[in-house]
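These notes are about the structure you will find just below.
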Amino acid sequence: MAQENLISFQGPVCPVPLQHKDTIVMGHGSGGKMTHDLINLVFRKYFSNAILDAGNDFANVQIPDGNGRLSISTDAHIVSPIIFPGGDIGKLAVCGTVNDMAMSGAVPLYITASFILEEGLPIATLEQIAQSMQEVAQEAGIQIVAGDTKVVEKGKGDGIFISTTGIGWIPDGREIRGDLAQPGDRIIISGTLGDHGIAVLAARGDLGLTTSVQSDVAPLNHLIQTVINAAPQTHVLRDPTRGGLATTLNEIALQSKVGIQLFEETIPVQNEVQSASELLGFDPLYIANEGKLIVIVPEAEVEAVLSAMKNTKYGENCCLIGEVVDKYPGRVFMKTTLGTTRILDMMAGEMLPRIC
Amino acid sequence: MPMDKNFNYSKAFRDPVLAKGLVEEIKKNVTRTWVLMEICGGQTHAIMQYGLDQLLPPEIELVHGPGCPVCVTPLEQIDRAHAIAMQPNVIFCSFGDMLRVPGSQVDLFKIRAKGGQVRVVYSPLDAVQIAQENPDKEVVFFAIGFETTVPANAASVLQAKALGLTNFSILTSQVRVPPAMHAILGSPENRVQAFLAAGHVCTVMGYWEYFPIAQKYQVPIVVTGFEPTDLLQGILAAVKQLENNQFQVENAYQRAVTENGNTAAQKMINKVFEPCHRNWRGIGTIPNSGLGLRADYALFDAEKRFSVEHIQTKEPEICIAGQILQGLKKPNQCPAFGSLCTPSNPLGAPMVSTEGACSAYYRYALNLETTH
């Protein structure tokens with residue numbers, strides 16, 4: 001059959017874009033660009049105030065006539081399955097709030113927990129979750145001081161949702177925030193990336209994927225205390241949760257109006273996580289972590305902080321992975337192992353597997 | 001290649017020293033400008049992810065081919081998918097990156113948010129299992145893809161038939177590479193002087209289909225893999241042929257591809273599907289470029305089952321996806337690129353799928369010159 005000149009040039013083609021501004025879709029919960037847009041469109045519109053608008057995972061508030069300030073943070077937790085290798089939703093809830101508070105350099109003190117339980121949840125499961133919350137609270141050195149319980153009809157929840165709020169104390173003079181990164185600063189990560197996301201994904205069982213990867217979920221407040229002792233000039237602390245390292249660094253680059261350059265060969269990823277990610281069409285730099293810490297410090301304090309972190313339970317695999325620069329403010333980019341440069345953008349919406 | 005359990009397959013083909021050696025070799029061989037097209041979206045993605053274009057000498061221009069199955073699925077087929085997915089008794093199964101592609105009205109995210117049952121599956125066989133588990137529902141799988149994916153789509157139909165399932169069907173938008181190569185090379189605007197053939201497609205199909213194409217249009221066709229050194233190896237082989245005025249079919253992906261390919265998979269494809277005319281988004285209809293269900297399997301044809309064949313959609317004119325998919329323009333030559341059109345706000349399919357050329361440019365390329 002003659003096939004020459006068969007292209008019929010239809011000219012430019014495209015559908016109009018969908019913005020998802022009228023309905024909540026899953027991507028609004030991804031922690032990426034859509035989540036940010038939603039927060040700006042709805043919550044910031046009504047709740048705006050100087051404390052909230054600082055855009056951190058914690059609120060930094062003055063105690064009237066007091067010594068130091070308060071760090072307040074709140075978090076809702078949904079995860080499927082509710083028990084996964086390395087943890088469960090209860091441990092996740094306590095660690096999530098402890099970590100958010102601690103990122104301000106605060107000493108976490110108290111948390112509260114609200115439980116939304118779905119009819120049919122076994123009490124034994126709830127007890128297992130409560131026990132793991134108590135264990136991790138003890139490790140973090142905090143107390144769970146208030147709570148609330150509601151039950152929804154079968155089919156209206158996903159077993160259990162937990163919402164936690166925490167209060168911590170920020171000593172006077174401590175200034176650690178997402179907008180304080182400066183050109184010349186160095187970027188350190190406390191350990192391997194993507195473990196939590198891959199562990200949970202594999203535990204869902206619908207991918208037929210078996211791994212030995214455990215979630216990294218952990219309370220980071222003691223590690224943070226070690227960091228601050230070793231590096232009193234610490235500028236930024238942040239845990240790369242939803243959206244992964246790449247999205248979190250993009251937030252910091254935007255808040256601080258700086259560029260962030262990473263070096264691919266220095267970024268720690270377990271072989272198993274790397275392989276599973278490539279198989280599934282994901283990038284470990286965008287996968288959630290629940291027990292990792294990004295530390296941004298002046299160059300002079302790098303050695304001290306690395307050697308201090310290496311002696312801790314949750315920081316023994318820490319590495320220097322990049323630096324803060326003044327070019328390309330608001331962008332994150334990476335020198336690849338081949339010596340080329342590529343952008344690491346913020347995750348757009350829901351993380352989707354590729355077709356092939 | 002013999003399997004060596006100590007061999008690190010995820011690192012060996014990204015070795016910087018090997019890669020630098022290949023780049024030097026390419027520089028040594030090139031004496032003039034050449035335009036090469038990598039066919040597969042996965043290759044485009046890898047080129048941009050590793051920044052290979054930054055390493056190549058300026059004489060070599062890579063243009064990005066139409067090998068992204070999400071990008072070339074025509075709008076009317078997406079609208080048909082949405083019409084089916086919105087029906088109350090349907091569980092609609094799709095590969096993940098198809099969810100974000102907007103039709104003329106909605107996308108699958110929005111349908112899911114409004115209560116439609118849309119599920120992401122990794123394998124078409126998962127959709128068959130869903131059909132087994134939900135006998136009172138109609139389960140439809142959106143069977144898109146090139147020859148790489150088609151055998152699994154065929155397996156789902158054969159499996160459903162073997163299980164006697166009457167509630168499973170597929171909506172096909174399957175495409176074949178060789179007719180697209182004919183269409184590109186036969187176009188009066190063609191600039192492509194050599195092809196890097198898609199390694200994964202060739203794993204299934206082999207490369208016997210390419211001999212007549214290389215002869216007819218006198219272009220080198222090099223079967224190429226997806227890792228940085230695979231791609232550089234493919235480029236080197238193509239450049240050497242071009243410089244020596246040769247036009248052979250060459251296999252630079254020998255660890256995965258043989259001339260005859262996976263004949264069992266080919267048999268499965270031919271059992272269930274037959275060539276049909278297919279509309280490619282942005283390119284137009286290419287004769288015999290599709291694979292539709294044979295009459296024996298018409299019961300599994302979702303288009304017939306849900307009477308959506310009448311849906312015809314004309315695309316509004318905004319972006320230059322068509323010219324990009326044909327390799328006539330680079331993504332950053334589009335006035336919307338990076339400003340109006342981004343992965344979180346895509347104007348066209350090449351920005352939607354992570355395999356799309358525009359998405360690959362946006363994700364990985366810093367400081368590109370744009371026309372705006």
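The values are calculated or read from the model by the stated rules, or taken from the named source; none is laboratory data. Just so it is clear, the structure is predicted and the values come from calculations on it, not from any experiment. Cβ: placed from backbone, ideal geometry, glycine included. Neighbour counts: every protein chain shown. Keep in mind that these areas ignore ligands, DNA and RNA; they rest on the heavy atoms of the full protein, side chains included. Shrake-Rupley method; radii C 1.70, N 1.55, O 1.52, S 1.80 Å.
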Tell me the residue from A:Glu303, A:Glu290, A:Glu316, A:Glu272 that is modelled with pLDDT of 95 or more and outside any loop (DSSP other than H, G, I, E, B), please.
A:Glu303
Determine whether the range A:208-229 contains at least one residue that is closer than 30 Å to A:Glu272 by Cα and free of Cβ contacts under 8 Å to residues at least 24 places away in the same chain.
yes
Of the conditions (1) aliphatic (A, V, I, L, M); (2) facing chain A (nearest Cβ under 7 Å); (3) surrounded by fewer than 24 Cβ atoms within 10 Å (Cβ to Cβ), the single one that B:Leu62 does not satisfy is (2)
What single numbered condition from (1) in contact with a helix residue (DSSP H, G or I) (Cβ under 6 Å, 6 or more places away or on another chain); (2) farther than 17 Å from B:Ile39 by Cα; (3) open to solvent by 10 Å² or more (accessible area, probe 1.4 Å); (4) away from chain A (no Cβ under 14 Å) fails to hold for B:Asn288?
(4)
Exactly one condition in (1) in a helix (DSSP H, G or I); (2) polar (S, T, N, Q); (3) in contact with a Lys or Arg (Cβ under 9 Å, 6 or more places away or on another chain); (4) farther than 29 Å from B:Arg32 by Cα is false for B:Thr203; which is it?
(3)
Counting just the residues of the range B:16-38 that are open to solvent by 10 Å² or more (accessible area, probe 1.4 Å) and assigned to a strand (DSSP E or B), which one comes out modelled with the highest pLDDT?
B:Trp34
Output the number of the condition that B:Val118 fails; it satisfies all remaining conditions of (1) part of a strand (DSSP E or B); (2) closer than 30 Å to B:Leu36 by Cα; (3) not acidic (Asp, Glu).
(2)
Go through (1) more than 30 Å from B:Thr172 (Cβ to Cβ); (2) within 14 Å of another protein chain (Cβ to nearest Cβ) for B:Val30 and report which single condition fails.
(2)
Condition first: without any contact (Cβ under 8 Å) to a residue 40 or more places away in the chain and either at the interface with another protein chain (Cβ under 8 Å from one of its Cβ atoms) or touching a Phe, Trp or Tyr at 6+ places or on another chain (Cβ under 8 Å) (or both). Now tell me which residues in the range B:79-110 satisfy that.
B:Gly96, B:Leu99, B:Val106, B:Asp107, B:Leu108, B:Phe109, B:Lys110
Kindly indicate which of A:Thr234, A:Thr241 is among the polar types (S, T, N, Q), assigned to a loop (DSSP other than H, G, I, E, B) and open to solvent by 10 Å² or more (accessible area, probe 1.4 Å).
A:Thr241
Which one of A:Leu237, A:Leu201 is within 12 Å of chain B (Cβ to nearest Cβ), within 21 Å of A:Ala93 (Cβ to Cβ) and in contact (Cβ under 8 Å) with a residue 40 or more places away in the chain?
A:Leu201
Which condition number in (1) farther than 30 Å from A:Gly155 by Cβ; (2) at pLDDT below 95; (3) touching a Leu at 6+ places or on another chain (Cβ under 7 Å) is the one that A:Val79 fails?
(1)
Going residue by residue through the range A:125-147, is there one that turns out to be open to solvent by 20 Å² or more (accessible area, probe 1.4 Å), of a type in the set (Val, Ile, Thr), modelled with pLDDT under 95 and out of contact with any strand residue (DSSP E or B) (no Cβ under 7 Å at 6 or more places or on another chain)?
yes
Scan the range A:36-79 for residues that are open to solvent by less than 80 Å² (accessible area, probe 1.4 Å), of a type in the set (Ser, Thr, Tyr) and under 19 Å from A:Thr97 (Cα atoms) and jot them down.
A:Ser71, A:Ser73
Which strands (runs of 3 or more DSSP E) sit wholly inside the range A:12-126 and have at least 3 residues that are in contact (Cβ under 8 Å) with a residue 12 or more places away in the chain and under 18 Å from the mean Cα position of the chain (by Cα)?
A:69-77
Please determine, by comparing only the residues of the range B:39-59 that are open to solvent by 10 Å² or more (accessible area, probe 1.4 Å) and in a helix (DSSP H, G or I), which one is farthest from B:Glu303 (Cα to Cα).
B:Leu55
Hits in the range B:139-152 - residues which are outside any loop (DSSP other than H, G, I, E, B) and in contact (Cβ under 8 Å) with a residue 40 or more places away in the chain:
B:Val139, B:Val140, B:Phe141, B:Phe142, B:Ile144, B:Gly145, B:Val150, B:Pro151
B:Asp136 fails exactly one of (1) more than 22 Å from B:Leu291 (Cα to Cα); (2) in a helix (DSSP H, G or I); (3) modelled with pLDDT of 95 or more, namely (2)
Residue list for the range B:68-98, filter: in a loop (DSSP other than H, G, I, E, B) and open to solvent by 10 Å² or more (accessible area, probe 1.4 Å):
B:Met86, B:Gln87, B:Pro88, B:Asn89
Only one of (1) at positive phi; (2) open to solvent by less than 40 Å² (accessible area, probe 1.4 Å) is not met by B:Ile170, so which one is it?
(1)
Looking only at the range A:185-199, which residues are more than 20 Å from A:Met309 (Cβ to Cβ) and open to solvent by 10 Å² or more (accessible area, probe 1.4 Å)?
A:Gly197
Keeping to the range B:122-164, report how many residues are hydrophobic (A, V, I, L, M, F, W, C) and open to solvent by 10 Å² or more (accessible area, probe 1.4 Å).
8
